[in-house]
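**Q** Provided herewith is a single structure, encoded as structure tokens, for subsequent inquiry.
The values are calculated or read from the model by the stated rules, or taken from the named source; none is laboratory data. Here the structure is a predicted model, which is why all the values come from computation and not from measurement. So basically every Cβ, Gly included, is an ideal-geometry build from the backbone, and we count neighbours across all protein chains shown. Just so you know, the surface numbers come from the protein's heavy atoms only, side chains and all, with ligands and any DNA or RNA stripped out. Shrake-Rupley method; radii C 1.70, N 1.55, O 1.52, S 1.80 Å.
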Amino acid sequence: MEKTIYRFSASQCDWTGTDEKEAKKHLGGKGAALVMMAQQGFPVPPGFTIPTDVCNHYRMMVEHSKEEAEKIITSVVGDALAGMQWLTKTLGYTPLVSVRSGAPVSMPGMMDTILNVGLTYDNLSEWEKRLGKRAAMDSMRRLIQMLGSTAYGVPHEVFEFQLAKHKKAVGVESDTDLTADDLEFISQQYLKAFFANKGFDFPINDSEAQLRAAVKAVFDSWMNPRAIEYRKLNGIPEDMGTAVNVQAMVFGNMGEDSGTGVLFTRCPSTGKNEIMGEFLQNAQGEDVVAGIRTPRPLTEMAEMGAQWKAVYHALGDVCVRLEDVYRDMVDVEFTVQNGSLFILQSRVGKRSAIAAFRIAVDLVEEGVIDRDTALSRLKKAQFKVVRRPMLDPNFKEEPDLVGLPACPGVVSGKPVFSAEDAVNCTEPCILISHETTPDDIAGMNAAVGILTKTGGATSHAAVVARAMDKPCVVGCTTLDIDAMKGSGCTKITIDGSTGNVWVQTDVPVIDSSDDPAVRTVMNWCMEKLGAWESSPVDLGSDHRPHVVQAAYWWGSLEVAEAVVEGIKQMPSRENVKLDIRNPQSFMPETDNELAHCFGTKPDSDAAFKKEFGQLLNTLIKDYPDLDIVGAEDVPLIVPADYAAFSVLAD
């Protein structure tokens, strides 16, 4: 193996390469972004990255010898401890650290994160002085829960039961209502529950063991079932591996002047050019994406006093700078500690299909990217999605429930209440839950839509739904899941553009493919092909050349008759060409899915050819000079949707 840790800070970055692809390949997307931001002066807590090739070496060794694999972990942790010494020298104290995965491509929520690594009973008093007792104890209970679940396999519910039990005993609803003493008691209960489940003690006084377990857990998470499923669904190679990012903690759980959040520099659902984000006060990062608490809109920061207003404007400046770097919409994770802003992650943001088209067009119009770059970012699959049905504007029935729109699209289906039921359902279904987790990935893929009771537009359900282009509504707080289970309901309709939900209602939909951004992209595709868009009947009245393209209406004798009659009625056919080629002649054999674009099937041509031939005979007899096209120098004349399928990426 080559170098096993790459340090990054405002004053030192071990990775000095300028090739973005190489940086992502070795440091993962998250690590590469942290280096870039540190180099450019963003407020990034220092840390170091264990590169992807270490993960791959470990993964291959696990298949042959677990003993040798453990030796790799021991070696890597030795280097990581040297990295911790560097952090201590840089900061003037030994920080607690977050240990996060970071694959070369974004896999939101699929792998593991552990916060507050290094907190022990031996250094607890020091951290109580630095953070306050409540924040220190809150960090302690989070460490036990996250490391216990991810690294040691204690079921998440074991800890959640202890938390819920104590909240009920002291009569509070929210985690933020728990006192320092409450959190200390819960931490002790967590330790007892850990021992009862595993038969040995949690390493509460061994920071090195915590770091070792966290690094190993992140490596192992590359091969967990949900990550494997996600890679299959998205065509991500297994041999990419994941990097591990070890970064000094900043604390959003230090009180009302602290918090954490996620934002997008443009709306990921609609593509509108405005910052869209959410945050939670007195919280740590996983609280937002986990959907346990429904966060507040980012815009509320500006109304929360001078300190939060300053943070809000600072975030606006960060967004402008990051878009300049990425030349795209950016997803940003941030933490506020005692009023100071820190950026923990940036990456090109996941977005819905319609947002992808609108953002691409806007960036071209803003002069940020050119058309070729815009087209390279759009995919055939997204074009299919933007042509989905949308709610009929004449439908006025009030929704039964309203949540937060997370990914647009109108879908109906049978309600199911677990990922397993969604996978096994033999008809279109809507996956309904309090909030999805990474383990639900197969069920989310199987369902036609997703509806959650909690969470916001940056929760796991929302982010993954947008990555899948799956209609999604989140934060539907009035949703009574237990009541719905027992109601005998057989049909749910969700509108991911508005957050509206209808129960047992027939909701009419219409075609949605005429969005201005989509039409603009289709026109770009036509130009890219050097093609003209065909028109079924309108031959025009000026003297420009007109090509009448049979492919557009092939198979419809009624339209063919109208076209022939239109040609006859023209005052002159000097500028008219009639292209009578079968649409199949310029369709690759493998593109059977495109046949619907032309309204024809290969086996339906015979009868039409016979009747159309008779029409042509009369036309040619009456107008022998009419140019019947089939020559090589004639431009390709196709419907614009065929052009889009031809040009956009797979």
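**Q** Just reorder T452, T426, T176, T16 by solvent-accessible area, largest first, 1.4 Å probe, all chains present.
**A** The residues order as T426, T16, T176, T452, largest area first.
**Q** Tell me the label-point distance for the pair E2, V172, using the 7 Å Cα-to-Cβ offset, in nm and rounded to one decimal.
**A** 4.9
**Q** Separate question: Relative contact order of the chain, please, whole-number percent, based on alpha carbon pairs below 8 angstrom and at least 6 residues apart.
**A** About 11 percent, as a whole number.
**Q** Here is a further query. At 0.36 nm per residue, minus the direct Cα-Cα distance, what do T498 and R327 gain on full extension? Give it in nm, one decimal, please.
**A** So the chain would gain 58.7 nm between T498 and R327.
**Q** Give the shape of the stretch 183-324 as rounded, prolate or oblate, defined through the alpha-carbon gyration tensor: a ≥ b ≥ c are the square roots of its eigenvalues, a/c under 1.5 means rounded, and otherwise the shape is prolate if a/b is larger than b/c and oblate if not.
**A** oblate
**Q** Mind ranking 355-367, 429-441, 612-624 by how tightly packed they are, going by the mean number of other C-beta atoms within 10 angstrom, highest first?
**A** Taking the mean over residues of other Cβ atoms within 10 Å, the ranking is 429-441, 355-367, 612-624.
**Q** Given a Förster distance of 51 Å, report the FRET efficiency between N523 and H64 from their Cβ-Cβ distance, rounded to the nearest 0.05.
**A** My answer for the efficiency is 0.40.
**Q** Could you give the nm distance between label points at Y93 and A562, where each point is 7 Å from its Cα heading toward the beta carbon?
**A** The two pseudo-label positions are separated by 7.7 nm.
**Q** Sticking with this one: Measuring with a 1.4 Å probe in the full set of protein chains, what accessible area per residue, in whole Å², belongs to the chain?
**A** That works out to 44 Å² for each residue.
**Q** By Kyte-Doolittle mean hydropathy of at least 0.5 and Cα axial length of at least 24 Å, which whole DSSP H helices of the chain are selected?
**A** Qualifying helices: none.
**Q** Could I ask something else about it? Between D392 and D480, what FRET efficiency follows from the Cβ-Cβ distance if R0 is 25 Å, with the result rounded to 0.05?
**A** 0.35
**Q** Calculate the FRET efficiency for K491 and K232 from the Cβ-Cβ distance with a Förster distance of 35 Å, rounded to the nearest 0.05.
**A** 0.70
**Q** Can you give the accessible area of K568 in Å² (nearest 10), computed on protein heavy atoms with a 1.4 Å probe?
**A** So the heavy atoms of K568 present about 60 Å² to solvent.
**Q** Residue separation times 0.36 nm, minus the C-alpha to C-alpha distance between K21 and M570: what's the value?
**A** Gain on extension, K21 to M570, equals 191.9 nm.
**Q** Would you work out if the stretch 1-91 is rounded, prolate or oblate? Take a ≥ b ≥ c from the square roots of the eigenvalues of the alpha-carbon gyration tensor; rounded if a/c is under 1.5, else prolate when a/b is larger than b/c, oblate otherwise.
**A** oblate
**Q** So what does V330 come to for accessible area, using a 1.4 Å probe and Å² rounded to 10?
**A** 0
**Q** Right, next: So, taking all protein chains as they sit and a 1.4 Å probe, how much accessible area belongs to E20, in Å² rounded to tens?
**A** Here the residue's solvent-accessible area equals roughly 110 Å².
**Q** Classify the chain: rounded, prolate or oblate, from the alpha-carbon gyration tensor (a ≥ b ≥ c, eigenvalue square roots; a/c under 1.5 rounded; otherwise prolate if a/b is larger than b/c)?
**A** Cα axes put the chain in the prolate bin.
**Q** Considering only protein heavy atoms, with the full assembly of protein chains and a 1.4 angstrom probe, order D400, D650, D79, D201 by accessible area, largest first.
**A** Sorted by accessible area, descending: D650, D201, D400, D79.
**Q** In terms of solvent-accessible area of protein heavy atoms at a 1.4 angstrom probe, what is the ranking of S174, S572, highest value first?
**A** S572, S174
**Q** Using 0.36 nm times the number of residues separating Q12 and A180, minus their current alpha carbon distance, what extension gain do you get?
**A** 56.7 nm
**Q** Additional query: Give me the distance in nm between label points sitting 7 Å out from Cα along the Cα-to-Cβ direction at V158 and D122, one decimal.
**A** Placing both labels 7 Å beyond Cα along the Cβ direction yields 2.5 nm.
**Q** Leaving out ligands, DNA and RNA, and with a 1.4 Å probe, what % of the accessible surface on the chain is carbon or sulfur?
**A** Of all accessible area on the chain, carbon and sulfur atoms account for 50 percent.
**Q** Under 23 Å from the Cα of K168, which lysines turn up, not counting those fewer than eight places away in the same chain?
**A** K133, K192, K453
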